[in-house]
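> Sharing a structure, written as structure tokens. Questions coming.
The numbers here are math on the coordinates, done by the rules we state, and not lab data. Worth saying up front: this structure is predicted, and the values here are computed from it rather than measured. Don't worry about glycine lacking a Cβ; one is built from the backbone with ideal geometry, like all the others, and counts go over all protein chains shown.
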Amino acid sequence: MQQVDWYFDFISPYAYLGLMRLGELPDVAITYRPVLFAGLLNHWEQKGPAEIPPKRAWTYRSCTWTASRQGIRFRFPAAHPFNSLPYLRLAIAAGSTADAVHRIFEALWTTAADPADPSLIVELARSLAVDPADVSRQQFKDTLRSATEQAIARGVFGVPTLDVGGELFWGADATDFARAYLADPAILTTAEMQRVAKLPIGVSRIPV
């Protein structure tokens with residue numbers, strides 16, 4: 001069985017949509033790897049979709065449409081972006097199991113709840129047999145920081161990202177690509193795939 005790593009942050013609607021499609025990957029054992037999306041953005045000097053006003057509106061509408069089209073139960077939380085740190089640490093405290101990850105995502109992305117409501121994290125923690133106080137433990141803060149640094153070293157620049165046999169597949173819409181690679185790894189070794197992977201940069205944008 002192929003080992004697959006799935007990098008995610010609960011802040012991302014694309015990560016939730018991607019989670020709902022992981023079951024389409026055949027014969028894989030998935031390790032769920034929580035990372036801080038803001039940490040990835042800071043390292044690669046990017047802005048998140050929600051930090052660009054027109055892109056924010058497009059993202060929210062697009063995700064809502066995509067979920068409806070795919071028959072995925074989905075509702076944006078009461079406010080977005082939100083602080084995902086306590087939820088990421090809770091996932092780690094719960095062992096980053098499939099059950100814990102699904103429960104937290106569903107609480108945030110199907111109910112329109114307010115992620116800033118302290119009672120939500122308390123309720124989730126107790127449902128996962130985690131002491132709510134553990135979410136603030138330094139151990140889990142350090143684990144999340146280390147996990148994010150390791151993801152960056154691996155080349156992860158966004159969420160969700162699948163690591164399949166050392167190849168990275170980014171985005172909720174990368175499931176089909178990853179599934180094709182699992183069926184035939186040679187698709188990345190064609191002459192054209194090799195060419196585009198090393199394509200020269202024609203011009204670079206000059207910062208204003």
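> In what sequence, highest mean first, do 93-105, 150-162 appear when ranked by Cβ atoms within 10 angstrom?
150-162, 93-105
> Another question, if that's okay. In whole Hz and in residue order, list the ³J(HN,Hα) couplings for segment 149-157 that follow from phi through the Karplus curve 6.51 cos²θ - 1.76 cosθ + 1.60, θ = phi - 60°; x for Gly and Pro.
Result, ordered by residue: 5, 5, 5, 4, 4, 6, x, 5, 10 Hz.
> Let me ask something else about it. Amide H neighbours of T31 under 5 Å, at least 5 residues apart or on other chains, H built in the peptide plane: list them.
It is V4, D5, W6, by chain and number.
> Okay, next question. For Rg/Rh (Cα atoms, Kirkwood Rh), the listed values are (1) 0.95; (2) 0.98; (3) 1.04; which was obtained by calculation from the structure presented?
Read-out taken from this structure: (2).
> Further question: Would you kindly derive the ³J(HN,Hα) couplings of segment 60-69 from the backbone phi angles with the Karplus curve 6.51 cos²θ - 1.76 cosθ + 1.60 (θ = phi - 60°), listing them in order in whole Hz, with x for Gly and Pro?
Taking θ as phi minus 60°, the curve returns 5, 5, 4, 5, 4, 5, 4, 4, 5, 5 Hz for segment 60-69.
> Using the alpha-carbon centroid of each, what span in Å lies between segment 25-85 and segment 101-156?
15 Å
> So what are the ³J(HN,Hα) numbers for segment 106-119, from phi and the Karplus equation (6.51, -1.76, 1.60; θ = phi - 60°), rounded to whole Hz, Gly and Pro as x?
5, 5, 8, 10, 10, 10, 6, 5, 8, x, 7, 6, x, 5
> Which peptide among 33-43, 48-58, 175-185 comes first, and what is the full order, when sorted by highest mean count of other Cβ atoms within 10 Å?
33-43, 175-185, 48-58
> Please list 74-81, 189-196, 15-22 highest first by mean number of surrounding beta-carbon atoms within 10 Å per residue.
So the peptides 74-81, 189-196, 15-22, ranked by packing, come out 15-22, 74-81, 189-196.
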